[in-house]
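What follows is a short report on a single structure.
The values are calculated or read from the model by the stated rules, or taken from the named source; none is laboratory data. Note that the structure is a prediction, hence the values are computed from the model and not measured. Neighbour counts run over all protein chains shown; Cβ positions are idealised from the backbone, glycine included.
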Amino acid sequence: MKKRLISFLVATVAAVSLVVPSAIAADLTDVGFLDQAQLASLPVFQRAQGQLAQYQSQLRSQYDGQYRAAKTDADKQRVAMAYQQAMSDKQRELIGPLYARAQMAIANVADSKHLSIVVDKRIVVYGGQDITKDVISLVTSSKAITPPATAAPSSEIGFVDQTALETAQKVKDAADQLAKYQADQQKVYGEKLKGVKGDVEKQQIIADYNKAMQDKRNQLLTPLIDQTKSATQTIAKSKNLLLVIDRADVVYGGTDITQDVQNALGK
Amino acid sequence: MALACAAALGGCARVDVHAPNVRGIAYVRMDEVMKHHPLHAQLAQLQDSIAAINLEATLPHEPLSAAQIAAQTKDLKAQFKTAEDRAGKAIAALQQTYAQKEHDADVAAAKAAGVDPAAIGIGAAMSAQSQAQAESAAQAAAQGYVTYQQSVVAQDAEAMKAISAQLSKQADQKLRARVEQYQQDESDLSLRLAQQDAPERIALKTKLNNLALDPAARKSVQSQISAIDKKESAQVSALHAQHEKALDAYRAQVAKETNAEIAKQTAAIRDESAAKINARRVAVGAQLRSLGGPPVPTQSIPPQLAKSLGQIHQQLIAQYQTDAQKIASDFSATQDDLNRQFEALHGADVGATGAAAKELKDLQQRHDALQQQMIAQIQSEAKRIASEMGFSVVLDSVDAAPGGYDLTNDLIHDVESLHE
């Protein structure tokens, strides 16, 4: 009896050891993608974009005069900010409700297909589930769309908001220094280009300019990029993520590790 | 090629696609693969050419004279007018063509339905169609007139400001040159007098050094030196006073000339703009007056034929809008470039303009097309390899990858083999 029990236990353990790794290692099938460009080309979006473009054109002619008339840099900045604000308000008014409906449709379709993440089509090289048709069909239907009952399941694909990371003071400082250096180099190499007629000589000047810029970029930005990559890699590993992508490429779901990366970089 | 594939597949065979840290997911560092594409050198060359134009656009320009600014402003306005006329004529011709097309299609549809086109007012339909198009065109022209007027006035204000600033700068330069000349003359006179009186001054100072000189004689020598100093100073002061007077007169003359020149040039700009605005007003007025009421049909249109005519109308309207949009886009691109040239003329940093902007656009298009071609080819190869290796998803643009499989090197082997 004892021997049978041991055999049973051994057999069970063996069966579990065969099943469990394959269950853990099941391939990811919950990755969907959306062709956002196709969604944006829907007549309803096109109409709203057209109205926005028309508004922008009117607004621009109105603010151009004010900008030209502005005497100080502070006045110019005030005019530019007022223009940006007016544009944002109009965009929210025209595109906001459409965007909200599209987001709701994406969440519904993703939920019905048990997707943990939906990314933009641009970054999908192969595979994944294309949900573009389903989303378009739901967006263009006349029925009201309600939010799905459950939130997106946890995903082994994480994302980082690169724009949030770029607001760090040291990144801003490096970017400012690089922009200043670029402006200076443009003057220096621009002067060298003046009057040069031969293509070979011209190409050499451009190559030198590119090299100067690349060297400066490496000097200023590469250490920051490496630091960010390393922090992202460490956080992703600790959270058992397989890949991390940019937030700009995520349409729905995914695991947001931006705050963790920011905290790690701030230490 | 075969060897490369074998090498790549050899590599693939060692990958456990379903391992817990891979789970059927892979990624590609597309930028890295692009560098190994056979067409990468061509792409880099196009990028360099684009960079060269952008760099040249940042060059500081030689300051233009007021006359040059005025001439170039006039030239840009002429170019704008030509582009505008060309677009207007193209739109008018397009309206005519489509009105004729619709008329012909309507006549054919009516005849096919056994109905006399004239009796159901097909000719009138054409007129009505032309009427609608003309109304729409006139409405657009009326709206455009106001915008045009505003843009001409704004451009004039900028041009007048630039001309006024340039002429004032030239006047300042003239005055400064005259002041410097006078100062030089006064220094020269002072030096000349000092040299002229030097022997006498030295002789008198030598006498002063004689300790045996009695006080009365010493006083006399000192007063002689003082007299020489006064004489020199009086001559220099006289010249200075003369110069001050001449300078006042010259300042008044330059100011008068500058104001006259500013007035002349701004009047020319105003006259030219007023003529242009007036011409536009006349054209818009004529367009509005040319509208007439459509003729009335004498027989009702059978429902089936009405449906066919509606379809023809919708189809042609859609085609017309596509063609008209193209003309409008071309005009808009020209207008944008001319506006940028205008801003550049008045000192704004707007990047490449004119022929350089056209070349830049052409290079950018070729660059984008080549890049797309390379990406499509790489993606196609990536799909094939991913499918052969059994991956479920392959992504590009990955920020970090503690798991998954990096397909980049396999793809580089494959892409490099495209040379062979």
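Values as computed for the structure displayed
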{"quantity": "Close pairs from segment A:183-205: first modelled with pLDDT under 80, partner among the polar types (S, T, N, Q), Cβ under 8 Å, at least 6 apart", "calculated": "A:GLY190/B:THR58"}
{"quantity": "Test: residue in segment B:179-190 that is surrounded by 14 or more Cβ atoms within 10 Å (Cβ to Cβ), modelled with pLDDT under 85 and within 30 Å of B:ALA318 (Cα to Cα)", "calculated": "no"}
{"quantity": "Test: residue in segment A:163-170 that is under 19 Å from the mean Cα position of the chain (by Cα), surrounded by 15 or more Cβ atoms within 10 Å (Cβ to Cβ) and within 14 Å of chain B (Cβ to nearest Cβ)", "calculated": "yes"}
{"quantity": "Pairs, first modelled with pLDDT under 90 in segment A:26-41, second of a type in the set (D, E, K, R), C-beta under 9 Å, six or more apart", "calculated": "A:ALA26/B:ARG23; A:ASP27/B:ARG23; A:LEU28/A:GLU156; A:LEU28/B:ARG23"}
{"quantity": "Filtered residues of segment A:188-206 (kept if facing another protein chain (nearest Cβ under 7 Å) and not in a loop (DSSP other than H, G, I, E, B))", "calculated": "A:TYR189, A:GLY190, A:LEU193, A:LYS202, A:GLN203, A:ILE206"}
{"quantity": "Tally of residues being within 24 Å of A:PRO97 (Cβ to Cβ) and in contact with a strand residue (DSSP E or B) (Cβ under 9 Å, 6 or more places away or on another chain) across segment A:122-143", "calculated": "3"}
{"quantity": "Some residue of segment A:42-53 being surrounded by 16 or more Cβ atoms within 10 Å (Cβ to Cβ), on the phi < 0 side of the Ramachandran plot and without any contact (Cβ under 8 Å) to a residue 40 or more places away in the chain", "calculated": "no"}
{"quantity": "Tabulated pairs, segment B:157-174, first more than 20 Å from B:PHE342 (Cβ to Cβ), second buried (at least 16 other Cβ atoms within 10 Å of the Cβ) and among the hydroxyl-bearing types (Ser, Thr, Tyr), C-beta under 8 angstrom, 6+ apart or interchain", "calculated": "B:SER168/B:THR258; B:GLN170/B:THR258; B:ALA171/B:THR258"}
{"quantity": "Residues located in segment B:403-420, provided they are hydrophobic (A, V, I, L, M, F, W, C) and within 11 Å of chain A (Cβ to nearest Cβ)", "calculated": "B:LEU407, B:LEU411"}
{"quantity": "Residues being in contact (Cβ under 8 Å) with a residue 24 or more places away in the chain and either within 26 Å of A:ASP120 (Cβ to Cβ) or more than 9 Å from every other protein chain (Cβ to nearest Cβ) (or both) - total across segment A:207-230", "calculated": "9"}
{"quantity": "Qualifying positions in segment A:231-246 - outside any strand (DSSP E or B), touching a strand residue (DSSP E or B) at 6+ places or on another chain (Cβ under 8 Å) and facing chain B (nearest Cβ under 8 Å)", "calculated": "A:THR232, A:GLN233, A:ALA236, A:LEU241, A:LEU242"}
{"quantity": "Count of segment B:388-402 residues which are within 7 Å of chain A (Cβ to nearest Cβ), over 16 Å from B:ASP31 (Cβ atoms) and either touching a helix residue (DSSP H, G or I) at 6+ places or on another chain (Cβ under 7 Å) or among the hydroxyl-bearing types (Ser, Thr, Tyr) (or both)", "calculated": "2"}
{"quantity": "Selection within segment B:360-386 - facing another protein chain (nearest Cβ under 7 Å) and without any contact (Cβ under 8 Å) to a residue 12 or more places away in the chain", "calculated": "B:GLN379, B:LYS383"}
{"quantity": "Candidate set from segment A:122-147 (those that are in a loop (DSSP other than H, G, I, E, B) and surrounded by 11 or more Cβ atoms within 10 Å (Cβ to Cβ)); member that is nearest to the other protein chains (Cβ to nearest Cβ)", "calculated": "A:GLY128"}
{"quantity": "Residues located in segment B:1-39, provided they are surrounded by fewer than 16 Cβ atoms within 10 Å (Cβ to Cβ) and either modelled with pLDDT of 80 or more or of a type in the set (Ser, Thr, Tyr) (or both)", "calculated": "B:ASP16, B:ALA19, B:PRO20, B:ASN21, B:ASP31, B:GLU32, B:LYS35, B:PRO38, B:LEU39"}
{"quantity": "Sole residue being modelled with pLDDT of 80 or more, out of contact with any Ser or Thr (no Cβ under 7 Å at 6 or more places or on another chain) and loosely packed, with under 12 Cβ neighbours inside 10 Å, chosen from B:ARG176, B:ARG201", "calculated": "B:ARG176"}
{"quantity": "Matching entry among B:ALA119, B:ALA128, B:ALA132, B:ALA124 (being under 20 Å from B:GLY310 (Cβ atoms), modelled with pLDDT under 80 and not in a helix (DSSP H, G or I))", "calculated": "B:ALA119"}
{"quantity": "Residue within segment A:144-151 that is farther than 29 Å from A:ILE245 by Cβ and not assigned by TED's automatic domain parsing to the domain that holds A:ASP256 present", "calculated": "yes"}
{"quantity": "Counted residues, segment B:387-417 - those being touching a residue at least 40 places away in the same chain (Cβ under 8 Å) and either in a helix (DSSP H, G or I) or not assigned by TED's automatic domain parsing to the domain that holds B:HIS36 (or both)", "calculated": "12"}
{"quantity": "Some residue of segment A:7-25 being among the aromatic types (Phe, Trp, Tyr) and either outside the structural domain of A:SER141 (by TED's automatic domain parsing) or at pLDDT below 80 (or both)", "calculated": "yes"}
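Rundown of residues vs (1) within 30 Å of A:SER112 (Cβ to Cβ); (2) touching a strand residue (DSSP E or B) at 6+ places or on another chain (Cβ under 8 Å); (3) within 13 Å of chain B (Cβ to nearest Cβ), yes/no style:
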| position | (1), (2), (3) |
| --- | --- |
| A:GLY32 | yes, yes, yes |
| A:ALA37 | yes, no, no |
| A:GLN58 | no, no, yes |
| A:ALA70 | no, no, no |
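So that you can scan it fast, the table gives a plain yes or no per residue for (1) under 23 Å from B:ALA401 (Cβ atoms); (2) loosely packed, with under 14 Cβ neighbours inside 10 Å; (3) polar (S, T, N, Q):
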| residue | (1), (2), (3) |
| --- | --- |
| A:ILE205 | no, no, no |
| A:LYS211 | no, yes, no |
| A:GLN233 | yes, no, yes |
| A:SER238 | yes, yes, yes |
| A:ARG247 | yes, no, no |
| A:GLN259 | yes, yes, yes |
| A:LEU265 | yes, no, no |
